[in-house]
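Structure first, then comments.
Only the coordinates and a few stated rules stand behind these numbers; no lab work does. Quick caveat, the model's predicted, so the values are computed rather than measured. Ideal geometry is used to build each Cβ from the backbone, glycine not excepted, and the neighbour counts take in all protein chains shown.
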Amino acid sequence: MKKLLILLVILLIALTGCQRVVGRGEVPSRRSDPNSMRATVPTSKADALDFVDMIDRNNGWGVKENTVYRLREGGKEWDEVLTMEQRAESGDVNGCGTYFADEKEAWIAWLVSHGDRATVVRVYHTRDSGRSWNTVSLPTKEPWEGEGIFVSFVDRQIGYILLTSSPAAGQMNKALYRTKNGGNSWVRIGDITSMVESYPTGIAFRDQAVGWITSSYHGQEYMLVFKTTDGGKKWDRMSLPYPKEFQERAYANAYPPVFFKGDRNKGLLPIEFVGDRKRAVVFYLTADGGKTWALSAPVDNIYLYQQVYSFPTPQSGFLLDHNGTIYRIGDGGKTWNIVCKSADLKGRTLIMDFVDEKTGYVLRDGVLFATMDGGKTWENVNMHH
């Protein structure tokens, strides 16, 4: 599904350099030189990637600081397709939000600051694997918009961008934008700060009307999951049951739900619970588009601020801990079974992405590993060159 990764990856990128307006009107779309950003990158640089999103077993995308790469041959070869250092016009690139639809189409929203002036949010869109890009700027209204950014697309036409301010006293200001024409233009839905609490961890829309924003804990006694049913104008906090192990003296960090392309009624909502002596991840599973949710079995000692889980299908999910242990979900979410323990996958910075039930990738501290047998064995992709 395209995808589980994108929704959480914005937070990871924010930690590594690319997160996931001054303008008082829309900037006319312009197309870049198709040949200006094309260059094959030596594979010796592959260990420098901050983020990877594989579309299938051959094709994917990667991000390193202010540069986007198109990955080929299972990540063995990659091409530089967009570098913001050359496009910032003397400004500083402070981060980005991304959405990669497939091997050809992608959206990259960059935050560019110019000293004391407000941050400009520039959205780049490609339909040809990064050979050319259309560019527009969001019509931002407030000076604080653009300190943080999250991107969510329903399909190739309808997408949303959530902008936040810097954090202060457990809260951030929040503004929501929407496109209905594939990013050619964007409209500001409004300031939603009063309806969505705390520090957002992501945004996800199931369709153009129903969506969710999730936040991390900052003193609240309830889960921070907020839902809209009118396209983002009004948001209400959802009430979800706590697992038995965490019904007393525990708090929760919520992360955005993911719905599957093949069946938009099926999805999952990851929640990280922290108690006095225990930490665990629970996936809330839905088969009716988010109207009702059932709890999966918990997995202990997992940290969700990085992309350490991937569900290629509603029935098949994988989870990775920082000790290099791969888990696979079974029995409709009732159990998690250990697939393998690999010292190669033990690291501080982790991203996992399975493109099907057999083929998966892990970016561990910048080094890309691949499996072709459902996670049982892993090979270092970089070692082939």
> Want the number for S166 to A287: 0.36 nm per residue separation, take away the alpha-carbon distance, what's left?
Replying inline: 39.9 nm
>> Run the numbers for T229 and R72: contour at 0.36 nm per residue of separation, minus the present Cα-Cα distance, in nm.
In response: 52.6 nm
> Relative contact order (percent) for segment 105-235, with alpha-carbon contacts under 8 angstrom and 6 or more residues of separation?
Replying inline: 16
> So if R0 is 35 Å, what FRET efficiency would S194 and K278 give, r being the distance between their Cβ atoms, rounded to the nearest 0.05?
Replying inline: 0.55
>> For the pair E221/D373, report the inter-label distance in nm, with labels modelled 7 Å from Cα in the Cβ direction.
In response: 5.2
> Given 0.36 nm per residue, what is the gain on full extension from K141 to R237 after removing their alpha carbon distance, in nm?
Replying inline: 32.0 nm
> Taking the Cα-to-Cβ direction at D56 and at D356 and moving 7 Å from each Cα, how far apart do the two end points lie in nm?
Replying inline: 0.9
>> Could you sort the peptides 233-240, 169-176 by per-residue average Cβ neighbour count (10 Å cutoff), highest mean leading?
In response: 169-176, 233-240
>> Set the bar at 25 Å for Cα to Cα. Now go through K141/K291; K104/K174; K76/K261; K278/K334 and name every pair that lies beyond it.
In response: K141/K291; K104/K174; K76/K261
> With each pseudo-label sitting 7 Å past Cα toward Cβ, what's the D102-N265 distance in nm, one decimal?
Replying inline: 2.5
